[in-house]
Amino acid sequence: AGRAAADAVAAVPPRVLVIVAAGEDAQAEAIGEQLLSHAAVADGATAATAARQRFTVLRPSRRVDSVLDAMKAGDVMVLAIPADGGLDARGEEIVDAVCMQGVGAVVGVLTGAEQLPPKQQAAARREWAASLHARFPEQAKFFSLDQDQACAALLRHVDGISPRKL
């Protein structure tokens, strides 16, 4: 029975997460490493959560064509937003292009908030959560790595996402 369950999990294609850096200091690589290191099982860029949902992490360069190509294969866009600078001009261009192409699901991750004073941390979380919801009103969820160092909530959310068809 255990082998049949493992074969059934392996038969389902992994969910593809595309981690996009919205700003120069977005730490997209760190988000990918944290997701893979805190998964129940990891093998290269593919990992599995405790609920046996497999996922693959793609980290395209900060070029519009690279991100659009990765999003063609991606189920979920993980948008890495730096707390101190937010979206820069290239980040805006990338997000606009992805919006025009269409995206199954969006997860915003605020990085670097722990370096801000406490009042500014809360303000940055509110500001970027509202901004993400304004851009992607029906499919966006927001996380802040200063509150979830182990990416536990992010992994649980990714595990439960059912990307919509484009």
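Enumerate the amide H contacts of residue 78 below 5 Å, restricted to partners 5 or more residues apart or on another chain; note that Pro and chain-start residues carry no placed amide H.
18, 19, 20, 107
Suppose R0 equals 22 Å. What FRET efficiency, 1/(1 + (r/R0)^6) with r the Cβ-Cβ distance, do residue 147 and residue 127 give to the nearest 0.05?
Working: r = 15 Å, r/R0 = 0.69.
It comes to 0.90.
Run through the DSSP bridge list for the chain and note the antiparallel percent, rounded to the nearest 5.
20 percent
Give me the percent of accessible area attributable to carbon and sulfur for the chain, probe 1.4 angstrom.
53 percent
May I have the pair-distance distribution P(r) for the chain, computed from all Cα-Cα distances with 5 Å bins from 0 and rounded to whole percent?
Using 5 Å bins, I get a P(r) of 1, 9, 19, 22, 21, 14, 8, 3, 2, 1, 0 for the chain.
Starting from the Cα gyration tensor of the stretch 107-154, take the square roots of the eigenvalues, sort them a ≥ b ≥ c, and report rounded, prolate or oblate (rounded when a/c is under 1.5, otherwise prolate if a/b is larger than b/c, else oblate).
Here the stretch 107-154 falls in the oblate category.
Working from Cα positions, state the angle (0 to 90°, nearest 10) between the long axis of helix 118-135 and the longest principal axis of the chain.
70 degrees
The values are calculated or read from the model by the stated rules, or taken from the named source; none is laboratory data. Predicted, not measured: the structure shown is a model, and the values here were computed from it. Please note: Cβ atoms are built from the backbone with ideal geometry, for glycine as well, and neighbour counts cover all protein chains shown. Areas reflect the complete protein model, heavy atoms only, side chains present, ligands, DNA and RNA absent. Shrake-Rupley method; radii C 1.70, N 1.55, O 1.52, S 1.80 Å.
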